[in-house]
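The values are calculated or read from the model by the stated rules, or taken from the named source; none is laboratory data. This is a predicted model, so every value here is computed, not measured. Because the Cβ atoms are built from the backbone with ideal geometry, glycine has one as well, and the counts that use them run over all protein chains shown. For accessibility, only protein heavy atoms count, side chains too; no ligands or nucleic acids. Shrake-Rupley method; radii C 1.70, N 1.55, O 1.52, S 1.80 Å.
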Amino acid sequence: MSLNRRHFSLSAVALGAAGSIAVTPSWAQSNVPVEGEQYIKMAQPVNLGTPAGKVEVLEFFWYSCPHCNTFEPMFNKWKQVQPDDVIVRRVPVAFQQNGNFIPQQKLYYTLEAMDLLDKVHPAVFNAIHNERKRLTSDDAVFAWIGTQGVDVEEFKKNYNSFSVASAVRRASQLQDEYRVEGVPSLGVAGKYYTDGPRARNLANALQVVEYLIEEERKAGGAK
């Protein structure tokens, strides 16, 4: 969701059994994605610390963004079928340094630290977009997490930990270095950036990502 720039849209798309993305008519006529159109190349590469032979894909998202909510099932299915040479990470963003964003960043990284993402990450989207929960403060997050069968005191300990605070700072750094314009959006190999408006919809954006991954493989970035 672009707060002050662009409105993101998601066309109806389908994922095949193997996780491949159905080509939509709006982009099918193009032979290959074009730099400056479907994606941009970063003027200054982002240092991700990616292991040799791997390609890293980042999804920038915000739990309260309706388009991220719609995109999540598609992205998750795509993520699950990526080969071993592709590292996929989500990065929760903060367009403003205020209570509307930071608690949700901390929520994500606390779930990651407690190995609860598979169980609770989808429930966060459901709580916000279907149950209309306002998870925009520490207290609201703590009250809600207790309804999910999570040890609240252990959650608070992790939520307020140095490691989670460091992860939040790194997320904001990545957001700035990628010059994220809205969410959901995608970064590839610390070099490329794409999103729904550039690719015309988010299914196409994932196709662009797959193309860029393959280009990195050809260049020796992954084996």
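The solvent-accessible area of Val124, taken with every protein chain present and a 1.4 Å probe, is close to 0 Å². One chain, two ends: Lys41 and Phe162. Fully extended at 0.36 nm per residue, the span grows by 40.2 nm beyond their Cα-Cα distance. Antiparallel as a % of all DSSP beta bridges within the stretch 39-220, to the nearest 5? Looking only at bridges with both residues in the stretch 39-220, the antiparallel portion is about 60 percent.
Ordering of 181-192, 62-73, 157-168 by packing is 181-192, 62-73, 157-168, highest average first (other Cβ atoms within 10 Å, averaged per residue). For the stretch 64-206, the C-alpha radius of gyration divided by 2.2 N^0.38 Å, with N the number of residues, is 1.05. I'd like the distance between the alpha-carbon centres of the stretch 170-206 and the stretch 87-165, rounded to an integer number of Å. Using only Cα atoms, the two centres lie 22 Å from each other.
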